[in-house]
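**Q** Below are the structure tokens for one structure; questions will follow.
The values are calculated or read from the model by the stated rules, or taken from the named source; none is laboratory data. Quantities reported herein were computed from a predicted structural model and do not represent experimental measurements. Please note: Cβ atoms are built from the backbone with ideal geometry, for glycine as well, and neighbour counts cover all protein chains shown.
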Amino acid sequence: MSNRKRDSAGNPRVPAHAVVIGAGAAGLAAALRLIAAGVAVTVVEKADQPGGKMRRVDAGGAPVDAGPTVFTMREVFEEIFAEAGTELTHHVGLRHADVLARHRWDAGGELDLFAEHDKSVDAIASFAGPAEAKRYGQFCRDAQHIFDTLERPFLRQPYATPTSLMRATGTRDLMGIKPFSRLWDALGKYFHDERLRQLFGRYATYCGSSPYRAPATLMLVAHVEQSGVWLVDGGMHRLAAAMAELAQARGAAFRYRTKVDEILVEKGRAAGVRLDTGETLAADYVVTNSDAAALSSGKLGRGASRAVPATPRDERSLSALTFTTQAYCAGMPLTRHNVFFCRDYPAEFTDIFKHRRLPREPTVYICAQDRDDSGPSDGASAERLLFIINAPPDGDIRAFEQAEIETCKESVFALLDRCGLDCRPEPTTFKATTPADFDRMFPGTGGALYGRASHGWRASFQRPGVKTRLPGLYLASGSAHPGPGVPMAALSGRLAAHALLRDLDSRARSRTTAMRGGTSTR
């Protein structure tokens, strides 16, 4: 499909124009696909740089990635760049990671997972015994089966229902993806060591969910990581910058520091946007890279507020409390991706989802951005760190007071100390970002970073599709189908663009055409 260059009489036709709201991964992927098809594209972004959640902040003069940090599903981005007539590696430097992540428990033990399956098997055998290593092998096979079953009929379709999925996979394969089992319960059948259960249960948080309520289908995340994690030269923000640069080189117009106040609706369809300056941009189509909640809550105007269903507050995904800093680290050697597990895992999610507070003892993720698989840890020079702590998505109804943040910070550094990491941040570089801050950055969300939580088997089908109820308006977002995370958001952008192009082609073929005899026909 492509934007037709001439009408039925052979006359040149003005290209269709699409406004893309937001320059996150999904918006950029949509813009690249549309530009490649001949659609004129204007990207409007309220920040001063592309990236969306792939944001970068300053820590004492050093740029620190302050959003997603793990690059997986490389093939998605290779396809995006190929559609634009180039290659991913011509624009982004990538290095394959040997160590997927380093995991540490203050109750005892350290475990690395590796890109090479057999190395992970050996590490688990040394960590928890040969029986656990054998069960890990079965876990990996089942995780791959789930991914393979869902990739084409679910992840790469613009919308999916239980019925469409059953038609595509059959009842037997559908049950094999474990939709009715909770992840935590299913993990207990693979792993008898509670530490391993905790490690693989953490994959639910990649979708903003609790392992005690999420379906076992999320085991597929383990296969995604096992299939490859890459280190991006310049950090994840560099990926967003490269996509924006390519879109601009191909002809897309970018307007940064520009906020959209309203999606305009005329004759029952999206017709452009009104900016906060009062200026209007007319368009044939609008693609919004906002969270679905921004639409349903009216943040983009009343006319578009019914384009997608609202997400109930108690079904929001996790938010986060993040710390960015330069710090001196010694003791336990860090790798790029590090996870420090709390002692009472159920209490962490009870605090967040039931008591709606920062966890009293959180699990802590640290991205050490100046390290590859294993770097020196002499503590002689400061390095850039991002800390991520799970938090409740209530940033729209309460402030997270400094005293609460300090209490959480003390708990974080006490955990690191018990795990053998001596981490001393430089105070002048230390910055905390709360759910209230994330709500200001991503309005309508309360700070939820993943859209709707994946709690229960229905949750994946309750995410809005890329084609909204309002004709001419498309949703490209990690809050939309097929789900959260950088590669999934990019897939959402591609799917939104494909849906737009199908509609564009349909409209072009059904336009009124003058006929002899003074009549007209579709």
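**Q** Which one is surrounded by the most Cβ atoms within 10 Å (Cβ to Cβ), of the residues in the range 449-502 that are among the charged types (D, E, K, R) and within 29 Å of residue 391 (Cβ to Cβ)?
**A** 452
**Q** A further question on this structure: Condition first: within 27 Å of residue 468 (Cα to Cα) and acidic (Asp, Glu). Now tell me which residues in the range 230-279 satisfy that.
**A** Passing the criteria: 261, 262, 266, 276, 279.
Results for (1) under 14 Å from residue 341 (Cβ atoms); (2) at pLDDT below 95; (3) of a type outside the set (D, E, K, R), shown as yes or no for each residue.
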residue	(1), (2), (3)
95	no, no, no
107	yes, yes, yes
116	no, no, no
122	no, no, no
126	no, no, yes
132	no, no, no
136	no, no, yes
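**Q** In addition: Applying the selection to the range 160-215, what residues are among the hydroxyl-bearing types (Ser, Thr, Tyr) and in contact with a Phe, Trp or Tyr (Cβ under 7 Å, 6 or more places away or on another chain)?
**A** 161, 190, 210, 212 - these are the residues of the range 160-215 that are among the hydroxyl-bearing types (Ser, Thr, Tyr) and in contact with a Phe, Trp or Tyr (Cβ under 7 Å, 6 or more places away or on another chain).
**Q** Here is a list: 403, 347, 380, 368. Which entry is modelled with pLDDT of 95 or more and closer than 28 Å to residue 232 by Cβ?
**A** 368
**Q** Further, regarding this structure: Six or more apart or on different chains, Cβ atoms under 6 Å: show the pairs whose first residue is in the range 253-273 and in contact (Cβ under 8 Å) with a residue 40 or more places away in the chain and in the same structural domain as residue 290 (by TED's automatic domain parsing) and whose second is acidic (Asp, Glu) and surrounded by 15 or more Cβ atoms within 10 Å (Cβ to Cβ).
**A** Going by the 6 Å Cβ cut-off, the qualifying pairs are 256/45.
**Q** Right, residue 191: surrounded by fewer than 20 Cβ atoms within 10 Å (Cβ to Cβ) and either touching a Pro at 6+ places or on another chain (Cβ under 7 Å) or more than 22 Å from residue 487 (Cα to Cα) (or both) or not?
**A** So residue 191 does not fit the description; no.
**Q** Applying the selection to the range 134-144, what residues are within 27 Å of residue 492 (Cβ to Cβ) and touching a helix residue (DSSP H, G or I) at 6+ places or on another chain (Cβ under 6 Å)?
**A** Answer for the range 134-144, where residues must be within 27 Å of residue 492 (Cβ to Cβ) and touching a helix residue (DSSP H, G or I) at 6+ places or on another chain (Cβ under 6 Å): 143, 144.
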